[in-house]
Amino acid sequence: MDATLTLAPNPLRQGMRSARTVQPCVLVIFGATGDLTHRKLLPALYNLAIEQPLPAQFSVVGVARRPFSDDEFRQQALDSINTFSRRRPVNPAIWDTFSKGLFYCQSQFDDAAGYAKLGELLDKLDQERGTQGNRIFYLATPPSFYGSIGELLNSSGVAKRSGADTQHGWSRVVVEKPFGHDLASARELNANLNKGFKENQIYRIDHYLGKETVQNIMVMRFGNGIFEPIWNRQYIDNVQITVAESIGIEGRADYYEQAGAIRDMVQNHMMQLLTLTAMEPPNTFGANAVRDEKVKVLRAIPPLMESEIASDTVRGQYGPGLVGGEAVPGYCQEKNVDPHSQTQTFVALKLLIENWRWAGVPFYLRTGKRLTKRVTEIAIQFKRPPYLLFQGAGADQMQPNVLSMRIQPNEGISLQVSAKVPGQEMRLRTVNMDFLYGSSFGVEPPEAYERLLLDAMVGDSTLFTRIDETELAWSLVDTIVRAWETTKSPLPQYEPGTWGPKEADALIERDGKTWRRL
Ligand code: BG6
């Protein structure tokens, strides 16, 4: 007896064109021959070209070490789009116009001469294609180059220290994650970027913020009148945030060995989910108003003591096993991983937010690789009804209400409620009221990178991470990592295809609660 929420007619069905105007500009991609550019950036730019928010003058310059010609770069872009675009195969008419705006500049990322060459090319594009001196620099290189690219863009004069409209154009820089490895390195990187760019010119990417379902957390909370009055400690028992993946590390040992799940997922994506769920309503939907509220949440998380880290955090590492009937290696057997590695591939933790809204409500977070399935969900678990009127009808065994925001896959929102089973007797059962993006909206949502690239072009940094947010998230993570290292806390193994180590169950069961079965 599933009830279905009815929705008003969907205006988006007419198309998802953005009303926001992009000024003529050039996007310079450092790391143009890398995986991110190939899989995400070029396909996203092409998809934007189809949706038409880009002006005719829009141009892309790929910068990388390989000796490509413009034509070779265009061929690579064509292959990327035909392989990864959600609008593949390429439409010849759109490709023809789009590809004429693609250029390549070969350079080492730390070679001043290369920046002079890049500057000449950009000046030429200003003249010939009318890009008006407006420049976005996208750092899609290994993170170790971010600082020197920032410095050289400044010292070469290729970037302008202005994020706003000026007579001679504006410059912005988009920085991929990870933004540093810990608080100290994040600060150092920021200091280097600040040599060339002011804070309002820096767009720190967290691709989770570009996901439709993540943006919908705010719409759900603040675009409806019924949730905010109960979105607090009086009605909510606990909040569970799960970001589970079934994949392993996919050949990224060099990066992952240094990162582990806490740096790879908790410091960024999970903190974004947490802050959007817990923040106060901002006064406006402006970049600083939204980010101010997120920062307040991070500030309200009390610093964890060593004893709390021992009891309220669990880490784990996947061992060898079977996934979907196929044998998969354990983390330590993955290519290029130290066979004695202590890197965690799973983290569970309990956090508290000490403010009037949330005091006493635990937020349980868990993330891991090689888990049962790929699912990201924020579950708001409400308190039980204060009085069990329907005793004997099974009410005492009923699940309390849960509002589940499913970020991916099967994107949607589901509210778990108790209902009467049809028949002469009074029997209760838990049912779901479901809203599914797939069936309610007749269009495929844009990918995260499309939204974020467009936002950077229009100068909207709402969905990018501000430096204070980044720093606060790092200091939380640093405290945990330091305690793990000094106390040599155990690193239990878990079997692939499970929900992680049993210690994670113990963490939540100690509070008389259980993880959601997903
Ligand atoms: C990335 C992490 O930021 O996010 C990866 O580095 C992870 O390890 C990925 O797999 C998950 O993103 P998504 O969009 O697939 O949930």
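The values are calculated or read from the model by the stated rules, or taken from the named source; none is laboratory data. Quantities reported herein were computed from a predicted structural model and do not represent experimental measurements. Positions of Cβ are backbone-derived with ideal geometry, glycine not excepted, and every protein chain shown enters the neighbour counts. Surface areas here come from the heavy atoms of the whole protein model, side chains and all, with no ligands, DNA or RNA. Shrake-Rupley method; radii C 1.70, N 1.55, O 1.52, S 1.80 Å.
Quick rundown of the values:
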quantity: Heavy-atom accessible surface of region 19-204: percent carbon and sulfur, 1.4 Å; calculated: 49
quantity: Note, ³J(HN,Hα) from phi for region 105-118, Karplus 6.51, -1.76, 1.60, rounded to Hz, x at Gly and Pro; calculated: 9, 7, 6, 6, 6, 10, 10, 4, 4, x, 6, 5, 4, 4
quantity: Cα-only Debye scattering, the chain: base-10 log of I(q)/I(0) at q = 0.13 Å⁻¹; calculated: -1.39
quantity: Where trypsin sites (Lys or Arg not before Pro) in DSSP loops with at most 10 other Cβ within 10 Å are excluded, longest remaining stretch of the chain; calculated: 18-334
quantity: Eligible lysines near Lys502 by straight Cα distance, threshold 25 Å, same-chain separation 8 or greater; calculated: Lys350, Lys369, Lys373, Lys488, Lys513
quantity: Region 19-204 - percent relative contact order, Cα under 8 Å, separation 6 or more; calculated: 23
quantity: Separation between Cα centres of region 113-165 and region 437-457, rounded to whole Å; calculated: 28
quantity: Using θ = phi - 60° and Karplus 6.51 cos²θ - 1.76 cosθ + 1.60, couplings along region 484-496 (whole Hz; Gly, Pro as x); calculated: 4, 6, 6, 8, 6, 4, x, 10, x, 8, 10, 7, x
quantity: FRET efficiency estimate (nearest 0.05) - Cβ-Cβ, Ser475 to Asp35, R0 25 angstrom; calculated: 0.25
quantity: The chain: antiparallel DSSP beta bridges as a percent of all, rounded to 5; calculated: 55
quantity: Accessible surface, 1.4 Å probe, highest first, among residues His269, His340; calculated: His340, His269
quantity: Heavy-atom SASA rank of Asp110, Asp182 (probe 1.4 Å, accessible area, largest first); calculated: Asp110, Asp182
quantity: Under the Debye formula (equal points on every Cα, no solvent term), log10 I(q)/I(0) of region 19-204 at q = 0.11, 0.15, 0.16 Å⁻¹; calculated: -0.45, -0.86, -0.98
quantity: 5 angstrom amide H check on Arg135, placed H, neighbours 5+ away; calculated: Val26, Trp170, Ser171, Arg172
quantity: Dipole magnitude of the chain about its Cα centre (Cβ charges: Lys, Arg +1; Asp, Glu -1), debye to nearest 20; calculated: 820
quantity: List Trp231, Trp515, ordered by accessible area with a 1.4 Å probe, largest first; calculated: Trp515, Trp231
quantity: Between helix 212-222 and the chain: long-axis angle, C-alpha atoms, 0 to 90°, nearest 10; calculated: 60
quantity: Accessible area per residue in Å² at 1.4 Å probe, computed on the chain; calculated: 45
quantity: Built amide H within the under 5 Å cut-off of Arg204, gap 5+; calculated: Val175, Thr465
quantity: Whole-number percent relative contact order across the chain, with pairs defined as alpha carbons under 8 Å at least 6 apart; calculated: 18
quantity: Val60 long-range amide H proximity, modeled H, under 5 Å; calculated: Leu27, Leu102, Phe103
quantity: Under Karplus coefficients 6.51, -1.76 and 1.60, residue-wise ³J(HN,Hα) of region 192-207 in Hz, glycine/proline x; calculated: 5, 5, 5, 5, x, 9, 7, 3, 6, 9, 9, 10, 8, 7, 10, 5
quantity: Pairwise label distance in nanometres, Gln408 with Glu509, each label 7 Å out on the Cα-Cβ vector; calculated: 3.2
